[in-house]
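Working notes for the structure below.
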Amino acid sequence: MDIQQEQLNKAAVANEVPEETLKEMYKAGVHFGHKKSKGHPKMFPNVFTTKNDIQIINLEKSHKQLGEALEFLKAAASKGIVLFVGTKVSSRKLIREAAEKLGIPYAAERWVPGTLTNYPTISKRVAHMEDLEKKKLSGELKKYTKKEQAGFEAEIIKLEQDLGGLRLLKKLPGVLFLTDIREDELAVREAKKIKIPVVALVDTNNDPTLIDYPISSNDDATSAVKYMLDKVAAAVEEGQKTAQKIHEKKIEAADKETK
């Protein structure tokens, strides 16, 4: 019996996870962890078994953790800003596309130190970037020499690369979602320092106790990250819709009071 069927059989007995869901997670490669020698001791409870020296994640636990994380994200998105973070090359495009579709801030190229802990300064840098972009668009920069214009152009490109995804971060976020806590360790540290909760994918080589809502998952394979990110994005969108309904009800109530 292969490992997939073994997990499916155990899940069927427990009757907690639909078989089709587990098959989807297997197909996406969510279950693949790291070599046993690289495994973090605190992740052992989330490991189903080891095959060919590779740790296999317990997908029943992943499913449960994902469910808890999604409920939290729905509530968070209905009240405040969710910031997506994923600077690893395999995650960048996915993070950028999902965040832009939702209209939320993100960090995909790199985590700029102080994004959370020195937010006022970062906010000023974003404002400076947008001011330069407006001046370029209006033609105001043409009054400068070609050398100076080239300098402004290079600055705009650099600022856009570092801070472009933070345009919509008009205040500190209510929660962070990360696809790789090792790659973006600084983001986790900053969030913990100012007590912003973190939801994140946690592979077998990382410490899940660092995260408020860890989701045991392969964080390297694009297919696994996409599977999880699609679920997360749907939860955030649902929370946004709830927020919109609440906003509309408030406007409706205010209109009635003025009549």
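The values are calculated or read from the model by the stated rules, or taken from the named source; none is laboratory data. Everything quoted here is computed from the prediction, not taken from an experiment. In this analysis, Cβ positions are derived from the backbone assuming ideal geometry, glycine residues included, and neighbour counts consider all displayed protein chains. Each accessible area value is taken on the protein alone, full model and side chains, heavy atoms only, with ligands, DNA and RNA left out. Shrake-Rupley method; radii C 1.70, N 1.55, O 1.52, S 1.80 Å.
Set the Förster radius R0 to 35 Å, insert the Cβ-Cβ distance between F152 and L172 as r into 1/(1 + (r/R0)^6), and round the FRET efficiency to 0.05.
On the way: r = 30 Å, r/R0 = 0.85.
It comes out at approximately 0.75.
So how exposed is F152, as accessible area in Å² (1.4 Å probe, rounded to 10)?
50 Å²
When the accessible area of the chain is computed with all protein chains present and a 1.4 Å probe, what percentage of it is carbon and sulfur?
Details: 7440 of 14160 Å².
Exposed carbon and sulfur together represent 53 percent of the surface.
Calculate the FRET efficiency for E140 and E160 from the Cβ-Cβ distance with a Förster distance of 22 Å, rounded to the nearest 0.05.
Working: r = 18 Å, r/R0 = 0.82.
E between E140 and E160, to the nearest 0.05, is 0.75.
Where in the chain are the DSSP H helices whose C-alpha atoms run 20 Å or more along the long axis and whose mean Kyte hydropathy is at least -0.5?
On the way: long enough: 59-77 (26 Å, -0.26); 89-102 (21 Å, -0.39); 119-138 (28 Å, -0.95); 146-163 (25 Å, -0.76); 222-258 (53 Å, -0.72).
Helices meeting the criterion: 59-77, 89-102.
Roughly what % of Cα-Cα distances in the chain sit above 24 Å, to the whole percent? Write out the running numbers ahead of the final one.
Details: 18137 of 33411 pairs.
Tail fraction, whole percent: 54.
In Å², what does the accessible area per residue of the chain work out to with a 1.4 Å probe?
55 Å²
Would you kindly compute the Cα radius of gyration of region 106-242 and its largest Cα-Cα separation (Dmax), both in Å?
18.1, 56
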